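Visitor: Just passing along the structure, written as structure tokens.
The values are calculated or read from the model by the stated rules, or taken from the named source; none is laboratory data. Being a predicted model, the structure only gives us computed values, none of them experimental. Cβ sites come from the backbone with ideal geometry, for glycine too, and all protein chains shown count toward neighbours.
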Amino acid sequence: MKTTKLKCLGLLIYLFCSLTPNAQTSKFTISGYIKESGSQELLLGASIAIPALKTGTTSNNYGFYSLTLPAGKYAFLVSYIGFEPKAFSIDLQKNIEWDILLQPASALKELVVSAEKQQARLSEVTRMSVIEIPIQQIKDIPALLGEKDVLKVLQLLPGVQKGGEGNSGIYVRGGGPDQNLIILDDAIVYNAFHLFGFFSLFNGDALKSVELTKGGFPARYGGRLSSVVEMNMKEGNKEKLKGEAGIGILSSRFLLEGPIIKGKSSFLVSARRTYFDALTRPFLPATNKAGYYFYDLNAKANYEINNKNKLFLSGYFGRDNFYFSSKYADNAIDKGGLKWGNVTGTLRWNHQYTPQIFANSSLVFSDYKFQLYQESTYNGSVYAMRYYSGIRDYTLKHDIDYRPNTNHTIKVGAQLIRHQFVPSAIVVKDDYAGTNQEIKNTIYAWENAIYAEDDIKIGPRFRLNPGLRFSHFQVTGKNYFKPEPRLSMAYKVKSDLSIKGSYAMMNQYVHLISNTSVGLPTDLWVPSTKNTLPQTSWQVAGGIAKDFIEKNFALSLEGYYKEGSNIIAYKEGASFFDTDPADASVSGTNTWEQNITRGRMWSYGAELLIQKKTGNFTGWIGYTLSWTQMQFNELNFGQKFWARYDRRHDISLVGIYKVRDETASHNGIKISGTWVYGTGNAITLPIAEYDAPVHQPGHPGSNFYYNTASQYTSRNQFRMAPYHRMDFGVQVQKKMKHWVRTWEFSVYNLYNRYNPYFYYIGYEPNSFKRTLMQITLFPIVPSLSWNIKF
Amino acid sequence: MKSTLNIWILFCLIAFSACQRVATVKVPQTDPLPVMFSFLSPESEGSAVTLTMSVPIFGSNSYGNFDPIANAQVTLSDNNGNSKVMPYSILNTAYYLDQTEFKINPGMTYTIEAKFKEYTLKGTTTIPLVMVPFEEVIGEKLASDPNGTERYFLKMKWKDQASIKNYYRVNLEDFKSSTPGDTNAFSVGDKMYSDEGKDGQILSDKYEYFDYSLSGGAPSFNAYLLNTDIHYYEYHKRRLNYYGDDPFSEPVQQYSNVKGGLGVVCSYRKSKSQVLL
């Protein structure tokens, strides 16, 4: 006992001494930013190693790095995926500010990798359950109708399921689509989909990095149970004007970036729009119009005030619009439709307090709204009805990154979010009745948090990342205070092999209630209240990470177990259509609360990822074996049932091969392919019908109205057919006089597999016998797109 | 708003009608099950029980035909030990006992047992003690448009019985009849309520009604307030929201309290108000 106490005291003293800079000998700090040579784009997560000391660090989310070392001469090696490594020596006798510029890797040769020249190895990183996808891979992987989609690429990773055919929603380790925190430049994006979930909002042209965290969440993340998808936009080329444009089957897009003040300030604008409606409009009759389109716009500007201060302003604006109009008489017009969209805006200030302390402050606006509208005009009189729902956030964040020495990377911070929920609102204007009223159900809430975490190196083998997040939610007189402990550990067994473990407790105060499996924009965002408790979860994970340095790929094998409570779902028989705001205004209650119930969730499984990120051939193999179950007292008669997206096996094979680069004399060629396999979704199927009358109080005796109702299997007891599909793509690049032109031909569902999108009851061919029929959404779908880059 | 889903379903079916085929999975099989329904009330003229059989979907060419079972032995009994066999009535298409033959009393518990072939069905209900009337039912005309469509607004309120768990159904019928009786009344509104969180308080409901009939003359309305047992409430809460099978919504298991089969045995108290405009 005495020995144990002494050992603990010794450990505490060691940690304290290791935290204190300049504790014994004189120490100095080399710090600065890691950027891409030419464009001066900041590089996130670049590795700066001191091979002789077997230590180093990585650049943070703003490209900042800091290393505090005893005075002396050091050889540094800086590396980053897709860039040529850079080696340099420095005699550190005082604090030095040193910005590092990396050249994009030459694509003609494989990168020679040795034990010394190495990007941040998977086995050296404390965090587990985190995957970064190089943006170029997102652009290379073949996509439905040629529309490159970040979230669809994430669906190819182990531990991430998709909701259904063509659907961009992600289900991570048993969690539903609302349990993912999707961040674009610090702004939360609530409904990240176009076209009823078929495409995501995120234009890959404008993105610099995409990182998915499935577990082992550091304390700086919170607010959602299952994952964090963090995306950062590019800043824009600070040296010269560059651009890209593309025309595809579904949409066209362009990107323009360039300096505002050379070397100091730059801008980036990127836009995309579908045009099917514009092309078909001339062919529709003048009296009847209908169509659909979506567009989105990303914009960013940044300004480097001085070495210690930078400002960034970025925004996103996107809309989907489903519309119709009909003129049935000279003085009579009907029109209506469904539209939805997001707006985000982020103002960030990077400030370097000292060579070791970096801070970022963000002011963020985020708004999501959908609207269903109908308007009838007759003889100049108007009847108009507009139903809408949405959520709006104002956020203030301050994050500090403190690196006292090579053994500690400390992050602390705070955030305040002011939420404005409008679960339902209705506006009615009726010239006949002389009414013009708006009934709106608005709920205000605060969601706040403070956190602290430290990435600690203990000796050459052991790394620890303990953290604590303290979250608070206040709504209509109710306060929730929740501590969220976090811990990640890594033990290096050998130079290229480590064992990892993690624990995370998460809380979620903002919920998405949905009665459909396709993620319609009519899904409602609602807050926790005194009746609707926050959803909570805890997760443990363990695994190994191995780097195959000679072969240039990495392997990770993880197992996880997750439990969730207060998970919400619609009650049986209730749906979005019950949320009448007029009821709320009369009764003073939230009608959606009466329609939901809460329960529990269990999810566990194992994930294997073998990933190659560099070289002429890149890609990955992913396999997931998992189980996800739920239990609600008010659903399925209180019995446990499989989650709809419970998928026992999930396999992804992704490969991208660069045959050759484009030169003046020949085209560049790149081919890519994916193959996916997944166990079918778990659904509830009708198996019999019976007479189920509705009692009519006004009718005497037994004159009931007879109706047929269905008897079903237990909830989600039936398995759809397995899903599998192969996609293939070819890119041919040619260097033209002023730009590089790329033709891309791709095929979605190459072998034309008839994957079921949904089932319905139909009839056997040439028979009156009923059977189960399926609808396939996408058979083989070829696409062609033309792109230029200048 | 439901039309949004229907539009989407229609879009899928039309756009991808070439991609529909027989599913390649093994479908679940089930045997037919007996189905029993009965809605008991002291305010009704008699007690009726319907018996049918469910029809498996797959491999069947039967659709919507549920022939009544007329040769079962059906017994109605109360918790005082009284019981009576219910004869089959062709007129009512049900097993039927008039109130004069077997009275249904408030607060009593009744059990219906049916036996035929190898099946035995049993369902139990306790009649709500109190009939709850409307405190107020108001109707007013809002507007007429040049097409002749007339708009009416009806609202009603009632006081919940305190300290007891209550369930309610508000049913609205309109009728234009010059003859006595409700023979051409049509249900135009229906909602279920529970007193969860509102025990002993005033509850309310409202309807907006559009009269497209152009026949002139204002409609009249029967407004019914039913104080029901939990079985009536749970069954109708799901039943009234059942619009058929929609592949994009979670299917709703219908409620049943019948042992040995499907269906529901339940009860209610009924009060009625009329609104003449």
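Visitor: Looking at region B:63-90, which of its residues are within 12 Å of chain A (Cβ to nearest Cβ), assigned to a loop (DSSP other than H, G, I, E, B) and surrounded by 14 or more Cβ atoms within 10 Å (Cβ to Cβ)?
Guide: Result: B:F66, B:P68, B:I69.
Visitor: Looking at the structure I just gave you, is A:S252 modelled with pLDDT of 90 or more, touching a strand residue (DSSP E or B) at 6+ places or on another chain (Cβ under 7 Å) and closer than 22 Å to A:G38 by Cβ?
Guide: So A:S252 fails the test.
Visitor: A further question on this structure: Looking only at region A:551-566, which residues are under 30 Å from A:N633 (Cβ atoms) and not small (G, A, S)?
Guide: A:Y560, A:Y561, A:K562, A:E563, A:N566
Visitor: Please go through region A:768-790 and give me each residue that is of a type outside the set (S, T, Y) and without any contact (Cβ under 8 Å) to a residue 40 or more places away in the chain, ordered by number.
Guide: Answer for region A:768-790, where residues must be of a type outside the set (S, T, Y) and without any contact (Cβ under 8 Å) to a residue 40 or more places away in the chain: A:F768, A:K769, A:R770, A:M773, A:I775, A:P779, A:I780, A:P782.
Visitor: If you don't mind, there's one more thing I want to ask. Any residue at all in region A:757-776 that's farther than 23 Å from B:I57 by Cα and either in contact with an Asp or Glu (Cβ under 8 Å, 6 or more places away or on another chain) or buried (at least 19 other Cβ atoms within 10 Å of the Cβ) (or both)?
Guide: No, the conditions are met nowhere in region A:757-776.
Visitor: Same structure again: Considering only region B:91-154, give the strands (runs of 3 or more DSSP E) lying wholly within it that have at least 2 residues that are modelled with pLDDT of 95 or more.
Guide: So the answer is B:94-98, B:109-116, B:119-126.
Visitor: Of these, A:Y690, A:Y754, which one is within 30 Å of B:D98 (Cβ to Cβ), facing chain B (nearest Cβ under 7 Å) and touching a Ser or Thr at 6+ places or on another chain (Cβ under 7 Å)?
Guide: Criteria check complete, one pass: A:Y690.
Visitor: Still on this structure, I have one more. Among the numbered criteria (1) within 14 Å of another protein chain (Cβ to nearest Cβ); (2) in a strand (DSSP E or B), which one does A:V654 miss?
Guide: Only one criterion in (1) within 14 Å of another protein chain (Cβ to nearest Cβ); (2) in a strand (DSSP E or B) is unmet by A:V654, namely (1).
Visitor: Being of a type in the set (S, T, N, Q) and either surrounded by fewer than 17 Cβ atoms within 10 Å (Cβ to Cβ) or part of a strand (DSSP E or B) (or both) is the filter here, so list the residues in region B:53-62 that pass it.
Guide: B:S60, B:N61, B:S62
Visitor: Taking region A:291-347 only, how many residues are buried (at least 19 other Cβ atoms within 10 Å of the Cβ), of a type in the set (F, W, Y) and under 21 Å from A:E235 (Cβ atoms)?
Guide: 2
Visitor: When you scan region A:605-625, do you find a residue that is within 14 Å of another protein chain (Cβ to nearest Cβ) and not hydroxyl-bearing (S, T, Y), even just one?
Guide: There is no residue in region A:605-625 that is within 14 Å of another protein chain (Cβ to nearest Cβ) and not hydroxyl-bearing (S, T, Y).
Visitor: Within region A:339-357, does at least one residue satisfy the condition of being in contact (Cβ under 8 Å) with a residue 12 or more places away in the chain, of a type outside the set (G, A, S) and within 14 Å of chain B (Cβ to nearest Cβ)?
Guide: Within region A:339-357, one or more residues are in contact (Cβ under 8 Å) with a residue 12 or more places away in the chain, of a type outside the set (G, A, S) and within 14 Å of chain B (Cβ to nearest Cβ).
Visitor: Inside region A:544-572, can you point out the residues that are charged (D, E, K, R), more than 14 Å from chain B (Cβ to nearest Cβ), surrounded by 19 or more Cβ atoms within 10 Å (Cβ to Cβ) and farther than 15 Å from A:L497 by Cα?
Guide: A:K562
Visitor: It is to be established whether one or more residues within region A:710-729 are farther than 30 Å from B:Y168 by Cβ, away from chain B (no Cβ under 12 Å), of a type in the set (A, V, I, L, M, F, W, C) and touching a strand residue (DSSP E or B) at 6+ places or on another chain (Cβ under 6 Å).
Guide: yes
Visitor: Looking only at region A:430-442, decide whether some residue is under 24 Å from the mean Cα position of the chain (by Cα) and either assigned to a loop (DSSP other than H, G, I, E, B) or surrounded by 18 or more Cβ atoms within 10 Å (Cβ to Cβ) (or both). Outline the logic, then answer.
Guide: Initially, region A:430-442 is screened for residues under 24 Å from the mean Cα position of the chain (by Cα), giving none.
Looking for residues that are under 24 Å from the mean Cα position of the chain (by Cα) and either assigned to a loop (DSSP other than H, G, I, E, B) or surrounded by 18 or more Cβ atoms within 10 Å (Cβ to Cβ) (or both), one finds none in region A:430-442, hence no.
Visitor: Could you identify the single residue in B:V35, B:V55, B:V27 that is within 7 Å of chain A (Cβ to nearest Cβ), closer than 23 Å to A:T708 by Cβ and either in contact (Cβ under 8 Å) with a residue 60 or more places away in the chain or in contact with a helix residue (DSSP H, G or I) (Cβ under 7 Å, 6 or more places away or on another chain) (or both)?
Guide: B:V35
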